[in-house]
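Scroll down for the structure; my scribbles are underneath it.
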Amino acid sequence: MGIFQNSAVIGLFRQERRYELISNNLSNALTPGFKKDVPIFHEVFSEALHPSLSTLSMDSEFSQTLLQQGEIQSTRNPLDLAIEGEGFFKVKTPEGVRYTRNGNFRLTREGVLIQSNGFPVLSRNGEITLRGNQIAVEKDGAIKVDGADRDKLALITFADLKALKKEGKTLFKLEGEQEEKEAEGAGVIQGALEGSNVNAMEEMVQMIDSLRTFEACYKIVQVQDELNAKSVNELAKV
């Protein structure tokens, strides 16, 4: 297999994976707190040599998650909370503590504050239980029920956010030995949710580009296969 054909075959698989990433981004464009994934490329060919092959090879870690903040959207639901600035809520899952920007919360019958997927939301002291009528959440995460202090949300960040790896749609797992630190610059907005950071129009443009690159790679493979078959037939006649 020639160098161009080999690179084109790699490109087919890579563009297929890129297309999957884009499709997942688009399908979660309306998911609160969702962070888009982008493919990581490195060049193996000069664009002057062959523009369609200049971005076909990718790093071994195929994608990375962009953590830029999404638009804050008002919901007027007192249990919907958005973080403005850098920081994450903490939730308790069966696999351990996870971090999220999705503040679509609700209360169980027992008054435990949970995320929409059922995981308890954590304060500095553990799970949060709220009983009463009027729930107010202040900018620093302090929670009051009927005017009385009840608890305070844990707003967490890390020195190196690259250590956070996406798990599912909106949860992040910490990989490594970093310590949590308080997200001092973060502010909580009650009655609002952070939207995804997906720009649907940009993703559609990327999808079209991915399809076109896939087609270019396929044509290269097809032409090389025809040339190889021709060479074999000519050798057979000798």
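What is the magnitude of the charge dipole of the range 72-194 about its Cα centre, with +1 placed on the Cβ of each Lys and Arg, -1 on the Cβ of each Asp and Glu, and no other charges, expressed in debye to the nearest 20? It would help to have the intermediate numbers written out before the result.
Numbers: 19 positive and 20 negative charges, 95 e Å.
Here the size comes out at about 460 debye.
Between Val205 and Glu86, what length comes free when the chain is fully extended (0.36 nm per residue of separation minus the Cα-Cα distance, one decimal in nm)? Mind dumping the intermediate values first?
On the way: separation 119, 0.36 × 119 = 42.84 nm, distance 2.87 nm.
Stretched fully, the Val205-Glu86 segment lengthens by 40.0 nm.
If I model a spin label as a point 7 Å beyond the Cα along the Cα-Cβ vector, how far apart are those points for Asn125 and Asp146 in nm?
According to this spin-label approximation, the distance is 1.8 nm.
Please give the length that would be gained between Lys181 and Glu215 if that part of the chain were fully extended, namely 0.36 nm times their separation in residues minus their C-alpha to C-alpha distance (nm, one decimal).
On the way: separation 34, 0.36 × 34 = 12.24 nm, distance 4.74 nm.
Computed gain between Lys181 and Glu215 is 7.5 nm.
Please find the FRET efficiency linking Gln64 to Asn117, where r is the Cβ-Cβ separation and R0 is fixed at 30 Å, and quote it to the nearest 0.05.
Values: r = 24 Å, r/R0 = 0.79.
Efficiency, from the Cβ-Cβ distance: 0.80.
Give the lysines reachable from Lys162 as a straight Cα distance under 25 Å; neighbours fewer than 8 places away on the same chain don't count.
Cross-link targets: Lys35, Lys36, Lys90, Lys92, Lys173, Lys181.
Under the 0.36 nm per residue contour assumption, what length would be gained going from the current alpha-carbon distance of Val38 and Arg106 to full extension? Display every interim value, and only then the final one.
Values: separation 68, 0.36 × 68 = 24.48 nm, distance 3.13 nm.
Using 0.36 nm per residue and subtracting the Cα-Cα distance, I get 21.4 nm.
Taking the Cβ-Cβ separation of Glu138 and Arg17 as r and a Förster radius of 30 Å, what is the calculated FRET efficiency to the nearest 0.05? Please report the intermediate quantities before stating the final value.
Working: r = 44 Å, r/R0 = 1.46.
E between Glu138 and Arg17, to the nearest 0.05, is 0.10.
Give me a comma-separated list of calculated 3J(HN,Hα) values for the range 86-97, in order, Karplus coefficients 6.51, -1.76, 1.60 applied at θ = phi - 60°, integers in Hz, x for any Gly or Pro.
7, x, 9, 7, 9, 10, 9, 10, x, 8, x, 6
Highest mean first, how do 162-171, 197-206, 18-27 rank when packing is the count of other Cβ atoms within 10 Å averaged over residues?
Working: 162-171: 16.6, 197-206: 15.0, 18-27: 18.3.
Listed from highest to lowest mean packing, they are 18-27, 162-171, 197-206.
Readers should treat all values here as calculations from the given coordinates under stated rules, not as data from a laboratory. Predicted model only: the values in this text are computed from it and were never measured. We place every Cβ from the backbone using ideal geometry, glycine too, and count neighbours over all the protein chains shown.
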